[in-house]
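Here the structure comes first, spelled out in structure tokens, and everything after it is commentary.
What follows is calculated from the coordinates using simple rules that are stated; it is not laboratory data. Keep in mind that what you see is a predicted model, and the values were worked out from it rather than measured. Cβ placement follows ideal geometry from the backbone for every residue including glycine, while neighbour counts extend to all protein chains displayed.
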Amino acid sequence: MPKQLKISSEKCTGCKGCELACSYANEKVFNPSMSRIAAITFLEGKYPLPYNFVSTCRQCADAPCLTVCPVKAIRRMKDPTGRVVVDRDSCIGCGKCVNACPFGAMLFSRETKKVFKCELCGGDPACAKICPSGALVYTQVRPFHAKAADFQMKGFVVLSEKSKSGIRKQKEER
Amino acid sequence: MKGQFPKGGYMGKALRVDLSSGKISEEKIDPQLLYEYIGGSGLGTRLLYDETIPGLDPYDARNCIVIAVGPLTGTLVPGSGIYSITGRNTLTGLLASAQSNGFFGARLKHAGYDVLIVCGKAEKLVYLHIVDGKATLEDASRLAGKGTFDTDSWLRRKYGEDGFDHHVSVASIGPAGENMVRFACLANDRGHIAATGGLGALMGSKKLKAIVVQGTLPIPIDPADEERFLENTVRWREEAHNTGMGKTTGKFGTIGSFLNFHSKGWVPVKNLTTNIFPGTEKFHVDYIRKKAHRSVPRSCYNCTFVHCHSVQVTRGPYKGAVGEEVEYEILAGFGPNWGIYDPGTTTMLNTLNDDLGMDAKELTFLVSMMMEGYEKGFVTRKDLDGIDLQWGNTEAAVEMMKRISRREGIGAILAEGVKRASDRLGGGFPDIAVYVKKGNAPHIHDPRSRWGTIFNQVVSNAGSQEAQDLTARGSADLEIDKPTADPDEYLGAVNAKSAWWRQFQECLIYCYYQTATGKTMIETLNTLTGSDYDMEQALKIGRRVVNLMRMFNIREGMTKGHDSFSPRLGTPPVDGPAMGKTIAPTFERVLQSYYKTSGWDQEGRPTRELLEELGLSFAVPALKK
């Protein structure tokens with residue numbers, strides 16, 4: 001089994017330490033907007049809230065970003081992590097992978113006009129080291145698939161309900 | 001200061017907003033000021049000192065509010081989302097310095113500024129929006145009268161929910177602030193409060209409803225010391241868990257201390273008329289956490305603890321109410337102090353109070369004073385507009401809170417704060433009012449036998465606590481191993497020294513619960529900013545800030561008479577574990593010992609030589625007043 005980030009959103013306290021650790025490890029600055037991981041906090045709605053949802057690359061075994069890339073700038077490393085990495089030199093910034101990622105984990109840099117994503121800090125992720133609550137653990141997990149069965153996570157249920165209710169509301173208004 | 005400073009940690013810019021003309025300008029902060037005051041309360045006080053015209057009424061449009069963060073804000077240092085707000089205390093006219101946790105401070109920095117100075121007065125209600133170094137004033141007329149939660153929701157929905165690219169924080173005032181209730185507060189990030197000194201009322205007088213900050217600007221680090229800075233922050237995070245506070249507060253929150261404090265007679269019960277109340281088992285942290293509420297963790301920015309929770313009441317008359325898990329002081333203030341012995345009710349009251357935007361300290365001693373007055377017949381039900389304000393009557397308390405926030409009927413008198421209201425109502429009220437410093441309520445304890453708290457509050461220049469409360473513990477950083485067990489000279493001397501250290505910590509501006517050893521904190525600061533502070537200099541900075549605060553207040557006409565407490569605080573508890581203890585007989589001796597250690601004269605005024613030594617020569621003219 002590959003060693004990857006095990007994410008337990010229900011343990012997340014929403015301190016956003018991972019965002020700082022990530023931007024520092026990868027960009028040498030403290031800037032959450034340059035982070036490859038996001039602890040998204042939903043503050044409103046029905047209790048129990050706030051609901052925290054950790055969003056980052058799951059290094060999917062069937063990575064959609066990898067398959068859609070027209071210039072083959074995205075590839076899978078042949079090390080035990082099997083992580084998916086972006087070759088920034090060959091990236092043309094078309095954004096297809098950003099659209100293809102079901103998790104919103106492929107990010108676009110407005111400065112360099114290229115994409116960037118979590119590459120597990122080369123095999124030693126900084127976010128997992130800093131996480132105080134155990135929501136992020138770097139350990140061996142079953143490979144993740146970007147298909148329906150693996151989507152049965154609380155976060156996506158909440159998200160889809162939220163968007164559904166939004167649509168329903170719009171219809172009612174019409 | 002050696003060579004170039006600062007090399008990291010600061011954005012280096014201040015934003016000045018003149019609400020009268022609508023002009024917004026940016027200015028560079030003098031590096032010398034940053035070196036001498038670091039940031040937070042210290043920098044805020046210094047800038048405020050320069051901006052303030054002495055002797056003005058707190059609501060005069062020429063007064064300023066200074067919001068400041070520090071070099072550590074927004075970095076990996078634990079608890080780095082705090083900001084400090086300084087301004088003229090609307091209750092006393094002296095200095096008020098308040099801090100609030102959450103995320104606001106870090107996001108202000110990511111928006112590009114270390115300091116925000118707000119002056120003038122807008123014609124109609126506005127809010128300030130700051131994003132990536134651009135600031136605009138927007139019309140807030142549709143937010144008028146809205147509570148702090150609704151204001152937060154509305155503005156965050158407008159500027160983007162949380163996510164990869166949207167990091168939005170809102171600090172706003174509630175209806176109490178808009179109606180200039182003298183103890184209105186500023187609330188940020190849904191339920192984090194900068195309470196002390198009525199700075200919300202000051203914002204209300206300027207017609208500034210809210211401040212929205214969001215940004216994507218990076219915080220620079222001294223490149224020479226990157227690795228060591230990271231090592232230091234990691235050590236800080238570890239040490240924060242191992243302090244006395246980390247072991248208790250980190251696990252159980254501040255409510256974990258409730259029964260311990262009760263066993264010492266430090267919990268305020270019924271406006272300090274007694275120290276005993278029934279049903280203490282309901283205030284055990286296990287009961288509150290496991291039986292009375294259900295909870296999910298909710299953390300401040302970069303907190304290493306999991307002690308804050310968002311809760312729902314599962315038991316009692318207010319089953320279903322949601323809110324933040326209360327802190328010890330709120331639990332005592334909205335609980336036993338009002339004769340309410342159900343923790344779920346305090347959660348409901350806390351949420352309401354956060355929404356209305358009032359300082360819980362002033363509010364609890366105000367309502368408890370009215371309850372005692374009502375019981376003793378100083379006021380009738382007719383005087384209270386028909387509200388049956390008996391001990392433990394939650395509905396009446398809720399109604400009273402709403403009326404105070406709207407300044408309706410009796411609320412208009414009470415909205416002036418404990419001291420002013422008791423003077424205005426007259427009769428027996430001045431004798432039962434609880435306040436210090438001729439105007440503001442103390443923190444929510446029964447401080448009469450808690451020497452560190454009462455003395456600290458009485459001599460504080462910041463409107464709230466100024467020094468560390470060392471009644472029950474020592475301080476390793478200050479090499480004080482003996483707690484202040486008695487009200488004697490030792491208490492005064494210890495209070496003076498711990499004030500310097502505490503104020504240095506307030507200049508660093510990080511969460512007080514996440515304290516590491518002094519050595520680690522100073523090293524972290526040095527490696528981040530490329531400075532060369534040591535313990536001696538740190539204490540000097542703290543001492544500089546304490547003296548500057550003192551000079552601010554002296555310039556505003558503060559005398560030795562202000563270092564005093566109300567008659568009720570001078571009486572000994574009549575029952576309970578602290579029965580008969582009081583600081584009153586020895587107070588003058590303690591005070592003189594405090595003045596002496598501080599290097600002040602017998603009237604509590606700094607000497608000219610001391611001010612010059614601390615680099616405060618500019619404040620010397622104020623001594624002549």
Task: Label-point gap, in nm, between A:Asp89 and B:Thr559 - each point 7 angstrom along Cα→Cβ - done: 7.9 nm
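Tell me, what is the FRET efficiency for A:Arg142 and B:Lys291 to the nearest 0.05, using R0 = 41 angstrom and their Cβ-Cβ distance as r?
On the way: r = 38 Å, r/R0 = 0.93.
With a Förster radius of 41 Å, E is 0.60.
Which whole number gives the average, over all residues in A:23-30, of C-beta atoms from other chains lying within 10 Å of the residue C-beta? Mind showing how you got there, number by number?
Working: counts 3, 9, 1, 0, 1, 5, 7, 16.
Per residue, the average neighbour count from other chains is 5.
Would you kindly work out the equivalent ellipsoid of the range B:243-432 from its C-alpha gyration tensor and give its semi-axes, the square roots of five times the eigenvalues, largest first in whole Å?
Square roots of five times the eigenvalues give 30, 17, 15 Å.
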Task: Length gained when the stretch B:Asp388-B:Ser141 is fully extended (0.36 nm per residue, less Cα-Cα span) - done: 85.4 nm
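Could you rank the peptides A:8-18, B:578-588, B:358-368 by their average count of other C-beta atoms within 10 Å per residue, with the highest value first? List each step's numbers first, then the result.
Values: A:8-18: 23.5, B:578-588: 15.0, B:358-368: 28.6.
Highest mean packing first, the order is B:358-368, A:8-18, B:578-588.
Please compare each pair in B:Lys28/B:Lys437; B:Lys596/B:Lys624; B:Lys206/B:Lys270 to a cut-off of 30 Å on the Cα-Cα distance and tell me which ones are over it. Could you put the intermediate results ahead of the total?
Details: B:Lys28/B:Lys437 36 Å; B:Lys596/B:Lys624 20 Å; B:Lys206/B:Lys270 36 Å.
Exceeds cut-off: B:Lys28/B:Lys437; B:Lys206/B:Lys270.
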TODO: Measure off 7 Å from each Cα along the Cα-to-Cβ vector at B:Lys581 and A:Lys28, then give the distance between these two points in nanometres to one decimal.
DONE: 5.6 nm
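Between B:Glu536 and B:Glu26, 0.36 nm times their residue separation minus their Cα-Cα distance comes to what? Display every interim value, and only then the final one.
Details: separation 510, 0.36 × 510 = 183.60 nm, distance 3.40 nm.
Result: 180.2 nm gained on full extension.
Is there a quick way to get the dipole size of the protein assembly as shown? I mean about its Cα centre, with the Cβ of Lys and Arg at +1 and of Asp and Glu at -1; what is the value in debye to the nearest 20? Write out the running numbers ahead of the final one.
On the way: 102 positive and 88 negative charges, 449 e Å.
Roughly 2160 debye, rounded to the nearest 20.
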Open item on the list: Along the Cα→Cβ direction, 7 angstrom out, place labels at B:Val574 and B:Glu51. What is the inter-label distance in nm?
Closed with: 4.7 nm
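For B:Asn260 and B:Asp150, compute 0.36 nm times the residue count separating them, minus their Cα-Cα distance, and round to one decimal in nm. Mind dumping the intermediate values first?
Details: separation 110, 0.36 × 110 = 39.60 nm, distance 3.69 nm.
Taking 0.36 nm per residue and subtracting the Cα distance, the gain is 35.9 nm.
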TODO: Could you list the square roots of 5 times each eigenvalue of the Cα gyration tensor of the protein assembly as shown, that is, the equivalent ellipsoid semi-axes, sorted largest first and rounded to whole Å?
DONE: 44, 30, 25
- [ ] Throw me the Rg/Rh for the range B:13-223, computed over C-alpha atoms with Kirkwood Rh, two decimals.
- [x] 0.93
Task: For the range B:483-528 and the range B:137-160, distance of Cα centres in Å - done: 38 Å
TODO: Mind jotting down the distance between the C-alpha centroids of the range B:390-464 and the range A:97-150, whole Å?
DONE: 52 Å
- [ ] Mind giving me the FRET efficiency for A:Lys113 and B:Glu226? R0 is 30 Å, r the Cβ-Cβ distance, nearest 0.05 is fine.
- [x] 0.65
Open item on the list: Give me the inter-chain shielding for B:289-302: mean count of other chain Cβ atoms within 10 Å, whole number please.
Closed with: 5
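What does the structure give for B:186-193 when I average, per residue, the other chain Cβ atoms found within 10 Å of the residue Cβ? Write out the running numbers ahead of the final one.
Numbers: counts 0, 0, 0, 2, 4, 1, 0, 0.
Mean partner shielding for this stretch: 1.
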Open item on the list: What's the ranking of A:43-50, B:10-17 by average number of surrounding C-beta atoms within 10 Å, highest first?
Closed with: B:10-17, A:43-50
Open item on the list: Give the separation of the Cα centroids, the range B:59-111 to the range A:24-55, in Å.
Closed with: 23 Å
